[in-house]
Amino acid sequence: MKLRNLSCCTLLCALALAASQGTSRSASTDSASDIPHLRKQGTATQLIVDGKPFLVLAGELGNNSTTSLEYMKAIWPNLVQAKFNTILAGVSWNQIEPQEGKFNFKVLDGVIQGARAHNLHLALLWFGSWKNSLSSYAPDWVKRDFQRFPRAQFEGGVSIEELTTLSEANRDADARAFAAMMRHVKEVDGQQHTVLFIQVENEVGMHTVLLDHSPLATQALAGPVPKQLMDYLAQHKDTLIPEFRQVWAANGFKTAGTWEEVFGKGDGKDSVFMAWNYARYIGRVAEAGKAQYPIPMYVNAALYSPGRVPEFTPSHGRPWDVVLDIWRAGGPSIDVLSPDIYGGDFPTFCAKYTQSGNPLLIPETGAGAAGAAKALFAFGRYDAICFSPFGIDRISTNDPVVAIYGLLSQLAPMILEHQGNGTMSAVMMNADDPVQKVPVGNYTLEVTATRPRGASAATPSPQAAPSAGLFIATGPDEYFMLGSGLTVTFSSHSPGAPLAGLGTVEEGTFVNGRWVPGRWLAGDDTEEGDYLFLRNMSILRVTVYHYR
Ligand code: DGJ
């Protein structure tokens with residue numbers, strides 16, 4: 001307790017100093033509605049920070065970077081140069097509770113202080129019971145006491161170094177630590193709002209096997225499906241994720257019975273059972289944290305193999321889109337199910353993870369030119385709350401994600417204003433993709449990916465990043481756009497005048513929210529007014545007219 005008070009005081013003193021140097025965020029009032037929270041705007045869900053929507057242009061640090069303040073000293077300046085506004089940073093259960101019930105938040109306080117001193121926000125990643133399935137961040141007092149804190153098991157009784165989801169002792173120990181952390185975050189940050197949201201655990205799901213064969217799990221699997229799950233399914237029967245609904249339908253939509261009776265004998269039953277148990281456990285941990293400080297919380301998923309058809313594949317209990325309903329039923333305190341999208345088809349994963357009103361929050365992905373294209377697409381097409389490349393400790397300031405974050409931060413107020421109301425869209429395309437017709441405002445944009453010089457249809461350039469563009473209709477005949485590698489033409493929705501032409505095309509920048517035009521583009525740069533070229537990720541203001 002003494003230690004906690006001391007670290008609190010150190011933090012507050014340092015913050016007072018930072019404020020006097022003009023580097024700290026201004027304090028705001030501490031009413032519950034002022035803390036970071038989610039709010040709907042049309043079809044979108046926005047993160048509200050200090051009363052205003054906030055576009056999270058983030059990056060995730062290496063797993064252990066924020067376990068050492070010394071290590072972070074050299075990293076903070078790089079993060080500022082790279083134009084992140086938010087950093088996703090791990091918190092180790094072992095480090096904050098090295099002895100049961102004795103908490104030490106000194107390093108966490110230093111991280112919060114470091115973020116404030118660099119005018120950055122944080123999202124904290126709670127590495128508690130599980131990190132990538134296993135339990136490497138659990139404290140030694142948990143790891144050593146395998147009787148009190150039982151592990152999952154392979155068939156045949158051999159333990160796996162992952163805590164079983166079926167143990168109340170495991171769950172309660174994690175929940176107590178998480179609640180203590182959230183209580184502390186409220187104490188030191190309930191007014192400043194440096195910490196915006198929380199990831200609870202990391203990429204959970206059974207390691208290498210589909211099912212936990214521990215005695216606790218085996219006993220529960222032989223018993224009835226809990227009423228809470230059955231009731232949820234009955235209430236949401238018509239809107240369930242189709243792949244999961246199919247599994248329930250195949251067994252006659254039973255509303256009671258054992259797991260096998262309700263979900264059949266196959267892998268589908270195991271997926272539902274494990275997803276339910278992870279969701280119950282993590283939902284309870286999230287609930288305990290929210291009882292202290294209810295800021296938004298998400299769980300992240302390691303996805304299925306790139307290219308694999310996302311049917312109802314055995315999920316290991318992971319928060320995959322196919323078992324979204326099970327996670328909703330078991331963990332109502334979890335606000336968002338989030339995909340870590342490294343491989344596979346990015347647009348498909350975005351579509352899958354926005355089903356049933358789930359907001360898109362991408363905590364892990366890649367950087368580079370492909371990352372920049374994905375960021376545009378996620379924010380423009382799917383109203384993403386957050387985009388975040390992984391492992392950005394020493395990201396180069398030449399990385400295309402850094403440039404795109406600079407441009408997106410100029411456009412952020414406009415993007416946030418247009419989220420959820422049908423006046424914004426985006427594309428992400430490869431050179432050989434067919435033309436995409438994208439209705440935005442009063443016109444349909446016909447978008448083609450321009451082929452990089454030297455590449456032909458027969459030999460497409462293998463390294464070429466996808467082309468991407470974001471389009472915002474800011475008036476009946478006005479658009480702002482940002483993109484690269486695309487050609488755009490317009491067709492009018494106006495019944496009497498279907499032809500559309502390009503009026504004024506300006507490239508420019510927003511300076512303190514004010515549009516400052518640079519070159520005016522016509523002639524060679526618009527193919528004499530026929531096409532708009534989106535090149536090299538610059539912002540364009542375009543006026544359009546329709547005629548007969
Ligand atoms: C996914 C995990 O969630 C991260 O913590 C991580 O270490 C990366 N994979 C590494 O690629």
| query | Filtering the range 369-392 down to residues that are small (Gly, Ala, Ser) and away from the ligand (no atom under 16 Å from the Cβ), which residue is nearest to residue 358 (Cα to Cα)? | reply | 384
| Can you tell me which residues in the range 516-540 are more than 30 Å from the chain's Cα centre (by Cα) and loosely packed, with under 15 Cβ neighbours inside 10 Å? | 516, 517, 518, 519, 520, 522, 523, 524, 527, 528, 529, 530
| task | Taking residue 362 as the residue in question, decide whether it is under 14 Å from the mean Cα position of the chain (by Cα) and within 16 Å of the ligand (Cβ to nearest atom). | result | yes
| query | When you scan the range 327-345, how many residues do you find that are open to solvent by less than 20 Å² (accessible area, probe 1.4 Å) and away from the ligand (no atom under 16 Å from the Cβ)? | reply | 5
| task | Hey, can you tell me all the residues within the range 494-534 that are touching a residue at least 60 places away in the same chain (Cβ under 8 Å) and in a loop (DSSP other than H, G, I, E, B)? | result | 513
| request: For residue 42, indicate whether it is on the phi > 0 side of the Ramachandran plot, touching a helix residue (DSSP H, G or I) at 6+ places or on another chain (Cβ under 7 Å) and modelled with pLDDT of 95 or more. | output: no
| said: Contact list please: Cβ distance under 7 Å, first residue in the range 200-217 and within 15 Å of residue 304 (Cβ to Cβ), second residue of a type in the set (D, E, K, R) and more than 16 Å from the ligand (Cβ to nearest atom), pairs at least six apart or on different chains. | reply: 206/212; 210/267; 210/270
| field | Subset tally (residues that are surrounded by fewer than 23 Cβ atoms within 10 Å (Cβ to Cβ) and polar (S, T, N, Q)) for the range 312-326 | value | 1
| message | Checking the conditions here, which among 323, 336, 262 is in contact with a strand residue (DSSP E or B) (Cβ under 6 Å, 6 or more places away or on another chain) and of a type outside the set (Phe, Trp, Tyr)? | response | 336
| request: State the number of residues belonging to the range 56-79 that are touching a strand residue (DSSP E or B) at 6+ places or on another chain (Cβ under 8 Å) and among the hydrophobic types (A, V, I, L, M, F, W, C). | output: 5
| query | Restricting to the range 61-78, what's the tally of residues that are touching a residue at least 60 places away in the same chain (Cβ under 8 Å) and more than 16 Å from the ligand (Cβ to nearest atom)? | reply | 2
| task | Quick one: count up the residues across the range 92-118 that are of a type in the set (Val, Ile, Thr) and open to solvent by 10 Å² or more (accessible area, probe 1.4 Å). | result | 1
| field | Counted residues, the range 228-243 - those being under 18 Å from residue 271 (Cα atoms) and either over 28 Å from the mean Cα position of the chain (by Cα) or modelled with pLDDT of 95 or more (or both) | value | 7
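Okay, residues lined up against (1) at pLDDT below 95; (2) surrounded by fewer than 19 Cβ atoms within 10 Å (Cβ to Cβ); (3) touching a helix residue (DSSP H, G or I) at 6+ places or on another chain (Cβ under 8 Å):
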position	(1), (2), (3)
440	no, no, no
450	yes, yes, no
459	yes, yes, no
468	no, no, yes
482	no, no, yes
494	yes, yes, no
499	yes, yes, no
509	no, yes, yes
| helices (runs of 4 or more DSSP H) wholly in the range 189-269 with at least 2 residues that are under 19 Å from residue 164 (Cβ atoms) and more than 16 Å from the ligand (Cβ to nearest atom) - which ones? | 215-222
| Going through the range 45-60 one residue at a time, which ones are in a strand (DSSP E or B) and more than 16 Å from the ligand (Cβ to nearest atom)? | 45, 46, 47, 48, 49, 52, 53, 56, 57
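The values are calculated or read from the model by the stated rules, or taken from the named source; none is laboratory data. Predicted model only: the values in this text are computed from it and were never measured. Using ideal geometry, Cβ is built from the backbone for each residue, glycine included, and neighbour counts are taken over all protein chains shown. Each accessible area value is taken on the protein alone, full model and side chains, heavy atoms only, with ligands, DNA and RNA left out. Shrake-Rupley method; radii C 1.70, N 1.55, O 1.52, S 1.80 Å.
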